[in-house]
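Laboratory data are not the source of any read-out in this text; all were calculated from the coordinates shown. Not measured: the values here are computed from a predicted model. Counting neighbours? That spans all protein chains shown, and the Cβs are built from the backbone with ideal geometry, glycine included.
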Amino acid sequence: MAEKADGDKSGISRRELLKHVGLASAAAAVPVKLFASAPVAAALEVPHAAAQTSAAEALETLTAAESSTLEAIVARLIPTDDNGPGAAEARAGRYIDRALGGALASSRDAYRAGLAAVDRYARTSRGAPFRQLSPENQDAVLRDMENDVATGFGPASSSFFNLVRAHTIQGTFCDPYYGGNAGFTGWDLIGYPGLRLAVTPDEQRLDARVTSTHRSAYDHTMFSTKKPARASLDGGSLRHGD
């Protein structure tokens, strides 16, 4: 969500959120528990179009309506701003949709119920589906969810908020192999240059500017013979070596 002024105590900036993420999360998909208590950032005015960045792609698990709501949510959690692109450009929504068919299949029911609850609460409290609300009203709905003020969720709105936030962070900063971090958007955002199999003396200097490789770990031959589990549609099973 948005960048706040230094003196504003009601929320934190996206820059502060990225400090909580850290470079360690860039190398792989991040465990959900790691971000269970990560604070939400505050609001920023960005075009609604940012939420539609990956909406045209073929869906693997979510319905079109569910995906539309999710895309709008992730676009507010890590928004596009003056510091660069956010979760929409990184296609975090695509990552979640894909993973819900495999590695995150246990969360599918939570997403089905939670996304429906988001839209119901947005309609009753703000008069329109979440995706049609202004950025300010979208942020207000998300804050209500985070603070357990939002009604119609089970067991609590904060549980679903934390789930989506954790998966949004994963989708933004994971290895692109998993379907997120499109174009290495997330890695570029936090200055992570990618996996390096060798480091020169100059690159080890404290003031070194390391050029990004823009390569997935699985672009290296030493990893390509046994790829990790990735989402599939065959009953939520996981496949290797495809």
Seminar exercise, completed: Under the 7 Å Cα-to-Cβ spin-label approximation, ARG209 and LEU59 lie apart by a distance in nanometres of 4.4 nm
Exercise. Given 0.36 nm per residue, what is the gain on full extension from ARG120 to THR200 after removing their alpha carbon distance, in nm?
Worked result: 23.3 nm
For this session: Figure the gain on full extension for ALA113 and GLN132 (residue separation times 0.36 nm, minus the Cα-Cα span) and round it to one decimal in nm.
Result: 4.9 nm
Problem set entry | Calculated on alpha-carbon atoms, Rg and Dmax of the range 146-203 in Å | 17.2, 57
